[in-house]
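Taken together, the values in this text are just the output of simple stated rules run on the coordinates, not laboratory data. Only a predicted model underlies this, so the values are computations on that prediction, with no experimental measurement involved. Neighbour counts are summed over all protein chains in view; Cβ atoms, including those assigned to glycine, are modelled from backbone coordinates with ideal geometry.
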Amino acid sequence: MAIARGILVGRFQPFHLGHLSAVRHASREVDELILVVGSSQKSHEFRNPFTAGERIEMIRDTLIAEQDIDEHRIMLIPVPDIDIHHLWTYQIDLLVPRYDRVYTNDPFTKYLFTERGVNVIQPRLRKRRDLSATQVRRRMAMDKDWQSLVSHTTAEFIVMINGVGRVKSLFQQNNLSSQINRHQHL
């Protein structure tokens, strides 16, 4: 009998409770789940503050701490971006074991895999307005409560690596660059 194997694609910048909910949903439907850690070559940018290794560590630590998830059935595989969107899904095929379904709520990812005839499943979104990595990073930068949006394990990891300080610094650099660009176009 064939193994039901799915992939869940994300940047996980950082891994938040919405991601955890999607992992729970997908892992109930497959024998093995592959978390594709996308944009793995990117880090130290406001949109991508954490390295692939840091993201893998925060995800793995969270999955181990969760009683209702069998982390032994989940693989974490970093996948770098390529600049040709149409080929990106084929690059994933080269880097991960065979799969028969893709879990995503990203419209562009859904489009690219659907165009190839791959079965795409959209996990139910949990509190999407608050549970987004953008919201987590924004709250970190503004000294607002971000810990309630991530697992306790992920929050501890981010604090341990001074991730909040990094996000604040990157946010300030990003805002400064935006201001400079605005003034150059006046």
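Ranked by Cβ crowding within 10 angstrom, fewest neighbours first, how are F171, F46, F108 ordered?
Ascending number of Cβ neighbours within 10 Å: F108, F171, F46.
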- Task: Only Lys, Arg, Asp and Glu count, each charged at its Cβ (+1, +1, -1, -1), so figure out the dipole size of the chain about its Cα centre, rounded to 20 debye.
- Result: 700
- For segment 52-133, what is the Kirkwood hydrodynamic radius in Å, using each pair of distinct C-alpha atoms? 14.8
- If you take all C-alpha pairs in segment 7-66, what percent of them are over 18 Å apart? 31
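Using the 10 angstrom Cβ neighbour count as an exposure proxy, how do V9, V164 rank, fewest first?
V164, V9
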- Item | Debye equation applied to the C-alpha atoms of segment 5-184, log10 I(q)/I(0) at 0.10, 0.14, 0.17 Å⁻¹ | -0.40, -0.77, -1.10
